[in-house]
1. Residue under question is Glu47, and the condition is that it be loosely packed, with under 15 Cβ neighbours inside 10 Å and under 17 Å from Pro16 (Cα atoms); does it hold?
2. Hey, could you check the range 31-42 for residues that are touching a residue at least 24 places away in the same chain (Cβ under 8 Å) and surrounded by 14 or more Cβ atoms within 10 Å (Cβ to Cβ) and say which is farthest from Met1 (Cα to Cα)?
3. Return the residues of the range 1-40 that are of a type outside the set (S, T, N, Q) and over 13 Å from the mean Cα position of the chain (by Cα); say none if nothing qualifies.
4. Could you tell me how many of the residues in the range 1-14 are free of Cβ contacts under 8 Å to residues at least 60 places away in the same chain and surrounded by fewer than 15 Cβ atoms within 10 Å (Cβ to Cβ)?
5. Any chance you could count how many residues in the range 1-23 are out of contact with any Asp or Glu (no Cβ under 8 Å at 6 or more places or on another chain) and within 10 Å of Val68 (Cα to Cα)?
6. List every residue pair whose Cβ atoms sit under 9 Å apart, with the two residues 6 or more apart in sequence or on different chains, where the first one lies in the range 43-72 and is in contact (Cβ under 8 Å) with a residue 60 or more places away in the chain and within 16 Å of Cys9 (Cα to Cα) and the second, anywhere, is in a loop (DSSP other than H, G, I, E, B) and polar (S, T, N, Q).
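Every read-out reported here was derived from the displayed coordinates using simple, explicitly stated rules and does not represent laboratory data. Everything numeric in this text was worked out from a predicted model, so none of it was measured. Cβ coordinates were reconstructed from backbone atoms using ideal geometry, including for glycine residues, and neighbour counts include every protein chain displayed.
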Amino acid sequence: MKTYRMWQCNPKQSLPDNISLALQNHIDKFGIPAEILEVSDQLEKVELPEGLNLVTNVVRMPKNIILVGRVD
């Protein structure tokens with residue numbers, strides 16, 4: 001089962017910054033890093049920093065939402 005935390009993007013910040021904040025928020029909330037990152041198919045392709053162990057999915061949803069989560 002997948003468990004997600006929704007992050008609403010701040011339009012004044014870049015997408016990579018919003019992703020970083022969403023991932024850090026997941027760690028702050030649950031004490032463990034996220035395994036899954038889902039972003040809108042309406043966004044430009046974002047290069048993630050190397051070393052992140054994430055499954056990244058592009059899904060149909062509003063472009064101001066990021067989902068981060070884990071597989072339980």
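1. Working: loosely packed, with under 15 Cβ neighbours inside 10 Å: yes; under 17 Å from Pro16 (Cα atoms): yes.
Considered against the rule, which asks whether it is loosely packed, with under 15 Cβ neighbours inside 10 Å and under 17 Å from Pro16 (Cα atoms), Glu47 comes out as yes.
2. The initial filter retains those residues of the range 31-42 that are touching a residue at least 24 places away in the same chain (Cβ under 8 Å), namely 32, 34-40.
Cutting the leftovers down to surrounded by 14 or more Cβ atoms within 10 Å (Cβ to Cβ) gives us 34-40.
On the way: Ala34: 14, Glu35: 13, Ile36: 12, Leu37: 15, Glu38: 15, Val39: 19, Ser40: 21 Å.
Residue satisfying both the conditions and the ranking: Ser40.
3. Of the range 1-40, the ones of a type outside the set (S, T, N, Q) are 1-2, 4-7, 9, 11-12, 15-17, 19, 21-23, 26-39.
Of everything in the range 1-40, those that are of a type outside the set (S, T, N, Q) and over 13 Å from the mean Cα position of the chain (by Cα) turn out to be Met1, Lys2, Pro11, Lys12, Asp28, Lys29, Phe30, Gly31, Ile32.
4. Keep residues of the range 1-14 that are free of Cβ contacts under 8 Å to residues at least 60 places away in the same chain, which gives 8-14.
Those left that are additionally surrounded by fewer than 15 Cβ atoms within 10 Å (Cβ to Cβ): 8, 10-14.
Of the residues in the range 1-14, 6 are free of Cβ contacts under 8 Å to residues at least 60 places away in the same chain and surrounded by fewer than 15 Cβ atoms within 10 Å (Cβ to Cβ).
5. 6
6. That search, which allows pairs on different chains as well, returns nothing.
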